[in-house]
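Only the coordinates and a few stated rules stand behind these numbers; no lab work does. Please read these numbers as outputs of a predicted model, since none were measured by experiment. Note: ideal-geometry Cβ built from the backbone for every residue, glycine included; neighbour counts use all protein chains shown.
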Amino acid sequence: MRAVDAVMECLKAEGVDVVFGLPGGANLPTYDAFYDAGIRHVLVRHEAGGGHAAEGYAKATGKVGVALATSGPGATNLVTPIADAMMDSVPVVFITGQVRTELLGTDGFQEADTMGITLPIVKHSFMIQHPLEIPRAIHEAFHIARTGRPGPVVIDVPQDLSRAEIPYEPVLDVSLPGYQPTTEGNQKQIRQAANALASARRPVIYAGGGVINSGAAAELVEFATADRFPVTCTLMGLGGFPGTHPQWLGMLGMHGTRAANYAMDEADLICAIGARFDDRITGKLAEFAPQAKFIHIDIDPAEISKNVPAHIPIVGDARNVLRKLLVEYRALDADPARLGDWWTKIEAWKAEHPLRYEDSADSEIKPQYLIQALYEATDGQAIVVSDVGQHQMWTAQYYHFTRPRQWINSGGLGTMGFGLPAAMGAKVGAPDQTVCVIAGDGSIQMNIQELATCVQEQIPVKVFIMNNGYLGMVRQWQELFWDHRYSQVDMGDYPDFVKLAQAYGATGLRFTDKGSLVEDIRNAIATPGAVVADVRVTREENTYPMIAPGAAARDMVG
Amino acid sequence: MGEPGTKTPLSLEELDAAVGLRTGRKHVLSILVENRPGVLTRIAGLFARRGFNIETLTVGPTDNEQFSRITLTVDGALHPIDQVTKQLHKLVNVLKIRDLEPAGTVTRELALFKVSAEAQARSEILEYTEIFRGRVVDTTKRSLTIEVTGSAEKIEAFERLVRVHGLIEMMRTGEIAMSRGRAET
């Protein structure tokens, strides 16, 4: 059979039901195979849209996303989604076309060194050199993408090799001697962690995206409630612990709640689970959690003690480790009363410093209120996908996510333009759920072409543009730290998003009145097909509270 | 200190002070890898991305044709290497890494010296070659090409001795290293 037909067989064997891509010269053979392979192909308008859609699909379903592009510019357009998937540990397999082998290295038409360009931003990559390698490479790619700490894998296939006839035999086992993730967690270390937790007076559980990736949300709740452990999550971990739970402190970090950041600051023991002590969490590293000892549970040994030295390191899958930790912890019969003083303190912080903003005196929509209204209109049940900026932080603060994979955003790389295509992928992966995008007027324009895809492929995402006419987060920093010198942040009133949506064949709406906002959002969601709502909000609103750059958690402002 | 994202300017001293922990010693990393294209680039990239300078690098086959051995030396006084070794472990084609302790390790390097050797200097150079257990591998009326193997220190000592006679050129392979004792490196 043709090598490209073998590719289709491999994709089916991996359980792939949809791919996102755009054809070109170097992957024409692959697209010929798609013609009657029986795998859904979503034709995107830009390869970056396809890459982010595959990420959104992977984040919403937990399955491996697949994105395709041709050689040269097709592949270079995938660079941002690949880097994004690497930073946020998203399992995606990227299959790129490459020029014919005899043209490699000759600056052939649409040739780019895809392997070389993507080398620092992949979990692994394959450059196919013989057609017989193709099936095994695809299975190895899926295995690497989904296991251990998930991540992006690139397969670069020269056009002539994909046209070859090969004898296809299904590949049933994958063995990679250099790739053996540690998943179980060391029992002795786990016991030590349980002992430390049982004697801690001011413990905090600090959970990250690893909890979502390992499917450990239920185990996290069970463990946290085995005692009265306060829980905070990173931006990537939101939904890993219910945002409505009494033991929930809110998100931590630069725009986290005071309760969460103060608790970290005064904790005597911090149990990090699938989190990586990013600079947006720690603030000034030297003053981060000065009284705490650290338990660090992570599947990636390179994360342990990377930024903050761990006293009890545990390398393993969060779900496996939490199950074992729970058993060990229950056996200790710790006295929950010892946490009484700690909770008194936390409850006081929560009561004294709730998230707050000053509402408008007139009908103007405050950006924070848009998120509250969305929360109300969707009963807190929608999958919410955001772009990157102020609107992302407000969504993280005011939409109380209660289940994993409900919150999809670009955290590590901070990719503007992520939202719409990722939502498209999420909706394809979870067709029965309401999928809403909160975008900024800056971000949305970076991949707005995917509206055409949504309309043509009948992917009914609901887009709410938090429109303040600014690159809002940059404007906020210029206001606070650069003496109000607003340099190149005013986006004006362009384009007319309502007309633009209509031009794409979507429904375009404009909301300007807070009085009817909840109802307006409900109606937008009830409108069939793709909907874009241009929501006009206060122009110069700042995201608070905030740990100023270089400051410590206890010095939060706003 | 000037903070990221703010107006406060950064001084050069602050930039210097901001780098991570350094061990202060030379590290010999012995890395067993799958013999596949691109492996060396992946490894070198982890150093390059951090601006680290690799001092020596050797790559060669092992007793098993599926695997190659990379021996790489890097100065822990100049660069914080802890993160880099952890990241090396994560590469799918890397099987094993050892950060070898000098005391428990046999290291060897081969060097070729082309030395200007006029009649009056010839016997002295040959004497040094004898003392260092080197070998003359090529000669002309006015030059000698000498092969020396040993530790980096021995090669450097030989270089100092012959340099005064006019060192035309020198090439070194970089160190290979094997742990002492019965166990595999």
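What is the magnitude of the charge dipole of segment B:13-100 about its Cα centre, with +1 placed on the Cβ of each Lys and Arg, -1 on the Cβ of each Asp and Glu, and no other charges, expressed in debye to the nearest 20?
Computed about the Cα centre, the dipole is about 280 debye.
What percent do you get for the relative contact order of chain B when only Cα pairs under 8 Å and 6+ apart count?
For chain B, the relative contact order is 24 percent.
Answer rounded, prolate or oblate for segment A:187-352, using the Cα gyration tensor with square roots of eigenvalues a ≥ b ≥ c: rounded when a/c is under 1.5, else prolate when a/b is larger than b/c, else oblate.
Because its axes are fairly even, with a/c under 1.5, segment A:187-352 counts as rounded.
Kindly work out what percent of the DSSP beta bridges joining two residues of the protein assembly as shown are antiparallel, to the nearest 5. Working shown, then result.
Details: 48 of 112 bridges.
About 45 percent, rounded to the nearest 5.
Using 0.36 nm per residue, how much length does the chain from A:ASP555 to A:ALA164 gain when fully extended, once their Cα-Cα distance is taken away?
Gain in length upon complete extension: 134.4 nm.
Could you tell me which of B:ILE81, B:GLY181, B:LEU100 has its Cα farthest along the dipole of segment B:48-185 towards the positive end, charges placed at Cβ (Lys, Arg +1; Asp, Glu -1), taken about the Cα centre?
B:ILE81
For a 25 Å ceiling on Cα separation, which of these pairs sit above it: A:LYS306/B:LYS90; A:LYS306/B:LYS96; A:LYS12/A:LYS462; A:LYS63/A:LYS284? Spell out each step's value before the answer.
Numbers: A:LYS306/B:LYS90 14 Å; A:LYS306/B:LYS96 20 Å; A:LYS12/A:LYS462 30 Å; A:LYS63/A:LYS284 36 Å.
With Cα atoms farther than 25 Å apart: A:LYS12/A:LYS462; A:LYS63/A:LYS284.
How big is the charge dipole of segment A:352-393 about its Cα centre, in debye rounded to the nearest 20, if each Lys and Arg gets +1 on its Cβ and each Asp and Glu gets -1 on its Cβ?
So the magnitude is around 140 debye.
Would you mind pulling out the separation of the Cα centroids of segment B:65-92 and segment A:307-365, in Å?
Taking the Cα centre of segment A:307-365 as reference, the centre of segment B:65-92 is 37 Å away.
Too long at a 29 Å Cα-Cα cut-off: which of A:LYS123/A:LYS427; A:LYS59/A:LYS324; A:LYS59/A:LYS188; A:LYS123/A:LYS350?
Values: A:LYS123/A:LYS427 26 Å; A:LYS59/A:LYS324 26 Å; A:LYS59/A:LYS188 33 Å; A:LYS123/A:LYS350 40 Å.
Correct reply: A:LYS59/A:LYS188; A:LYS123/A:LYS350.
Given chain B reduced to its alpha-carbon atoms as identical point scatterers, what log10 I(q)/I(0) does the Debye formula return at q = 0.08, 0.12, 0.13, 0.18 Å⁻¹?
The Debye formula, applied to the Cα set alone, gives -0.38, -0.74, -0.82, -1.12.
For chain B, what is the calculated [θ] at 222 nm in deg cm²/dmol (nearest 500), taking -39500 (n - 2.57) for each run of four or more DSSP H residues and dividing by its residue count?
Calculated at 222 nm, the ellipticity per residue is -8000 deg cm²/dmol.
Of B:MET171, B:ALA152, B:GLN120, which is farthest towards the positive pole of segment B:106-179's charge dipole, taken about the Cα centre with +1 and -1 on the beta-carbons of Lys, Arg and Asp, Glu respectively?
The Cα lying farthest towards the positive end belongs to B:GLN120.
Taking the Cα centre of segment A:3-162 as the origin, how large is its charge dipole in debye, to the nearest 20, when only Lys and Arg (+1) and Asp and Glu (-1) carry charge on their Cβ atoms? Don't skip to the answer; put the middle values down first.
Numbers: 10 positive and 18 negative charges, 118 e Å.
Roughly 560 debye for segment A:3-162.
Taking the alpha-carbon distance from B:LYS114 and a cut-off under 16 Å, which lysines remain once sequence neighbours fewer than 8 residues away in the same chain are dropped?
Filter leaves B:LYS141.
When the helix-only estimate is applied to chain A (DSSP H runs of n ≥ 4, each -39,500 (n - 2.57), divided by the residue count), what is the mean residue ellipticity at 222 nm, nearest 500 deg cm²/dmol?
So the helix-based figure for chain A works out to -10000 deg cm²/dmol.
With springs only between Cα atoms under 10 Å apart, run a GNM on chain B and tell me which of B:ARG108, B:ARG25, B:ARG49 wobbles the most.
Answer for the Gaussian network model of chain B: B:ARG49.
Set the Förster radius R0 to 22 Å, insert the Cβ-Cβ distance between A:SER363 and A:TRP482 as r into 1/(1 + (r/R0)^6), and round the FRET efficiency to 0.05. Intermediate results must be reported in sequence, preceding the final value.
Values: r = 32 Å, r/R0 = 1.47.
According to the calculation, E is roughly 0.10.
Round to the nearest 0.05 the FRET efficiency obtained for B:THR6 and A:HIS245 when R0 = 51 Å and r is the Cβ-Cβ distance.
Using R0 = 51 Å, I get an efficiency of 0.90.
Could you let me know the centre-to-centre spacing of segment A:534-552 and segment A:400-446, using Cα atoms, in angstrom?
Between the Cα centre of segment A:534-552 and that of segment A:400-446, the gap is 20 Å.
Report the FRET efficiency, 1/(1 + (r/R0)^6), for A:ILE117 and B:SER116, where r is their Cβ-Cβ distance and R0 is 41 Å, rounded to 0.05. Could the numbers behind the result be given before it?
Details: r = 47 Å, r/R0 = 1.14.
Here the calculated transfer efficiency is 0.30.
Points 7 angstrom from Cα along the Cβ direction at A:ARG136 and B:THR41: gap in nanometres?
Once both label points are built, they end up 2.1 nm from each other.
When the convex hull of the C-alpha atoms of segment A:3-162 is computed, what volume per residue in Å³ does it have?
For segment A:3-162, the hull spanned by Cα atoms encloses 90 Å³ per residue.
Which listed residue (A:PHE464, A:ALA26, B:PHE132) has the Cα farthest towards the positive end of the charge dipole for the protein assembly as shown, taking +1 on Lys and Arg C-beta and -1 on Asp and Glu C-beta about the Cα centre?
Projecting each Cα onto the dipole axis, the largest value belongs to B:PHE132.
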